Each structure stands twice: as C-alpha cells, then as structure tokens.
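Notes follow the structure.
Rule-based calculations on the coordinates, nothing more; no lab input. Just so you know, these numbers come straight off a predicted model, no measurement behind them. All Cβ positions, even for glycine, are placed from backbone atoms using ideal geometry, and neighbour counts span all protein chains on display.
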C-alpha cells in the first residue's frame, strides 16, 4: 500500500486553507464543530457523505473553490477516496454547465491519491524517483550477521 505524498508547499497551503475556512465559519463554535467533524471523519466515526454535506453547508458559495484543496490536503489516501466518491456522485447530479465550472481533481494512476491538477506532475515525478531509487534498508535489514 502506498502512503500519502505531501503536495508542494504543504505548510503554506494548509495554513491558507485553515485561514479561509476560519474566515467563512466566523464563530469559534462553528470552527470547533468543523474541526470535530473533520476529526470524526478521519477516525471513521463520521461517514464521507455526512462530512461532505457538512462541508457544503459550512463553506456555502466557496465550497467548489475550497473543497478540491481540502481533499488534496487530506493526508490519507483511503479517506480521500471515500470523499472523492461522494464528490463525484454529487458532481454527476449537477447540470453539465455547472459541473464544468468546478475545479478538476486528478487521481494518481499509481497510488490513487487525489490531487489538484497543478500538483499532478510533481506527484508523478515523486513516483518516478521512488521507482528509480528504491528505499534502502528494507531487505538489507533482514539479513542476519554472524
């Protein structure tokens, strides 16, 4: 199984996302509720569908601009996949003209990580690097020394 690969400028982008969500939610109570639900989604006690609907309500008109970044920054590929499936089902219910205005997301063919289009190339390069230079030590550490 593959592990999540941080996109470029993760710290800056994460802070920007937090700032944008905070400015949208306005009250500390709304922010705490969003954080709690995010945590519940990550630990499996909240479904992707419920979390997605909460994001839609919380982000209002900014949802389609913020959600792709939120999804790409979620550091768990299986949770990304769960949320992406809900997102795709929602997009399929939209009229084609509206669907076209939603920022596109990409799925890595190798590891299935969800990415925004701008991150796809650097993500693929990371796979190339790993393929050409495998992590050392995994099989070597299993050899016994006498």
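Could you give the Stokes-Einstein D for region 34-103 in µm² per second, using the C-alpha Kirkwood radius, 20 °C, 1.002 mPa s?
For the chosen part, D equals 173 µm²/s.
Give the angle, between 0 and 90 degrees and rounded to the nearest 10, that separates the Cα long axis of helix 48-59 from the longest principal axis of the Cα atoms of the chain.
Around 50 degrees separate the two axes.
Stokes-Einstein D for region 1-72 at 37 °C, 0.692 mPa s, Kirkwood Rh over Cα pairs, in µm²/s?
Taking Rh from Cα pairs, D becomes 252 µm²/s.
Over the chain, what is the relative contact order in percent, taking alpha-carbon pairs closer than 8 angstrom and at least six residues apart?
Averaging sequence separation for qualifying contacts and normalising by length gives 25 percent for the chain.
Specify the angular offset, from 0 to 90 degrees and rounded to the nearest 10, of the alpha carbon long axis of helix 120-132 from the longest principal axis of the alpha carbons in the chain.
Once rounded, one gets 20 degrees.
Can you tell me the orientation of helix 63-73 relative to the chain, as the angle in degrees between its alpha-carbon axis and the longest Cα principal axis, to the nearest 10?
20
Treat the chain as a sphere of radius equal to its Kirkwood radius over Cα pairs and apply Stokes-Einstein at 25 °C in a medium of 0.890 mPa s; give the translational diffusion coefficient in µm²/s, rounded to a whole number.
The diffusion coefficient I find is 144 µm²/s.
Can you order the peptides 60-68, 77-85 by their average number of other Cβ atoms within 10 Å per residue, highest first?
77-85, 60-68
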